[in-house]
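Enquirer: The following block contains the structure, expressed as structure tokens.
The values are calculated or read from the model by the stated rules, or taken from the named source; none is laboratory data. Predicted, not measured: the structure shown is a model, and the values here were computed from it. Ideal geometry is used to build each Cβ from the backbone, glycine not excepted, and the neighbour counts take in all protein chains shown. When the accessible area is computed, the model is the full protein with side chains, heavy atoms only, and any ligands, DNA or RNA have been set aside. Shrake-Rupley method; radii C 1.70, N 1.55, O 1.52, S 1.80 Å.
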Amino acid sequence: NYKAALENYKVALQYFEDARDTSGYIRVKNNIGLIYQNMGEKHTAKRYFEEAYQLSIKKKFQSEEIMALSNLGAVENELGLHNTALIHFRQVLYYDSLSGNETYISYSYNNLAEVFMNMKAYDSAAYYFQQSIVLKRKLD
């Protein structure tokens with residue numbers, strides 16, 4: 001039930017704000033955005049992701065920034081904002097590469113491939129899908 005989830009998250013948002021827990025506040029903003037995205041309200045979702053992203057930058061919370069960037073990329077891809085989605089997914093890939101987490105790097109390659117597929121840039125999509133497959137096989 002999306003409506004009940006939104007109500008609960010909005011209560012949690014107030015709680016985290018009152019507790020001055022900015023990290024929790026940002027995570028709840030992202031979660032609210034995900035609910036709106038699942039409801040098909042992509043522009044509202046994008047607004048929540050952007051708010052989470054801006055606050056994470058301001059407070060220098062890198063993991064929350066990465067989460068918001070990934071969510072922004074996904075909703076922008078759905079909205080047809082492919083160039084912006086690529087920018088955000090490339091930022092996520094950059095952070096994933098710095099961390100060395102090959103599982104996350106594989107996810108980032110897959111996300112980039114999906115955007116290129118939607119852009120009908122099939123050679124680029126194939127390249128990133130292949131990179132993702134190579135890493136996934138390595139991890140299995």
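Enquirer: Which residues, counting only those in the stretch 55-72, are within 17 Å of Thr44 (Cβ to Cβ) and not aliphatic (A, V, I, L, M)?
Expert: Asn71, the sole residue that qualifies.
Enquirer: Enumerate the pairs (first residue in the stretch 1-18 and within 13 Å of Ile32 (Cα to Cα); second residue anywhere and not aliphatic (A, V, I, L, M)) with beta-carbon separation below 6 Å, excluding pairs fewer than 6 apart on the same chain, so at least 6 apart or on different chains.
Expert: Going by the 6 Å Cβ cut-off, the qualifying pairs are Tyr9/Asn31.
Enquirer: On the given criteria, is Tyr107 surrounded by 19 or more Cβ atoms within 10 Å (Cβ to Cβ) and either assigned to a helix (DSSP H, G or I) or at pLDDT 95 or above (or both)?
Expert: Yes, satisfied.
Enquirer: Restricting attention to the stretch 92-103, which residues are open to solvent by less than 60 Å² (accessible area, probe 1.4 Å) and either under 18 Å from Glu65 (Cβ atoms) or of a type in the set (Gly, Ala, Ser) (or both)?
Expert: Val92, Leu93, Tyr95, Asp96, Gly100, Asn101, listed by residue number.
Enquirer: Considering only the stretch 1-79, give the helices (runs of 4 or more DSSP H) lying wholly within it that have at least 1 residues that are of a type in the set (A, V, I, L, M, F, W, C) and buried (at least 22 other Cβ atoms within 10 Å of the Cβ).
Expert: Hits in the stretch 1-79: 22-38, 42-59, 62-79.
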